[in-house]
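Following: one structure in structure tokens, then a few remarks.
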Amino acid sequence: MGEKPTRRRQGAYVYRYSGLGCMFAATVLLFMAGGWLLDRWLGVLPLFTVIAAFIGAALATFSLYRKLLGPDE
């Protein structure tokens, strides 16, 4: 039978996974902001904002995958 996790361990999981979620959101938002600035500079439709959002989401997903399946430091 598995042992019940302590409150401290549960808190560590909450902080770890909410930090990963914030990292994901920040990555996507930063790439979108860069795409938006590029759109304004070039005076085009929100083409680069959308492209940058997809690139940011892909890179954030890859980073999240590596952090979740990589060795704990």
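Tabulated data for the structure shown
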{"read-out": "Single condition TRP36 does not satisfy, out of (1) at pLDDT below 95; (2) assigned to a helix (DSSP H, G or I)", "value": "(1)"}
{"read-out": "Count of residues meeting criterion [of a type in the set (A, V, I, L, M, F, W, C) and within 11 Å of the chain's Cα centre (by Cα)] in segment 32-58", "value": "2"}
{"read-out": "Selection within segment 25-38 - closer than 26 Å to TYR13 by Cα and surrounded by 15 or more Cβ atoms within 10 Å (Cβ to Cβ)", "value": "THR27, VAL28"}
{"read-out": "Matching residues, segment 5-31, being aliphatic (A, V, I, L, M) and within 11 Å of the chain's Cα centre (by Cα)", "value": "LEU20, MET23, ALA25, ALA26, VAL28, LEU29, LEU30"}
{"read-out": "Test result for LEU59, under 29 Å from TYR17 (Cα atoms) and part of a helix (DSSP H, G or I)", "value": "yes"}
{"read-out": "Output for segment 39-56, where each listed residue is assigned to a helix (DSSP H, G or I), surrounded by 13 or more Cβ atoms within 10 Å (Cβ to Cβ) and not aliphatic (A, V, I, L, M)", "value": "ASP39, PHE48, THR49, PHE54, GLY56"}
{"read-out": "Extreme residue, modelled with the lowest pLDDT, among residues of segment 1-33 that are in a helix (DSSP H, G or I) and of a type in the set (Val, Ile, Thr)", "value": "VAL14"}
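The values are calculated or read from the model by the stated rules, or taken from the named source; none is laboratory data. All figures in this text were calculated on a predicted structure; none of them were measured in a lab. Backbone-built Cβ (ideal geometry, glycine too); neighbour counts: all protein chains shown.
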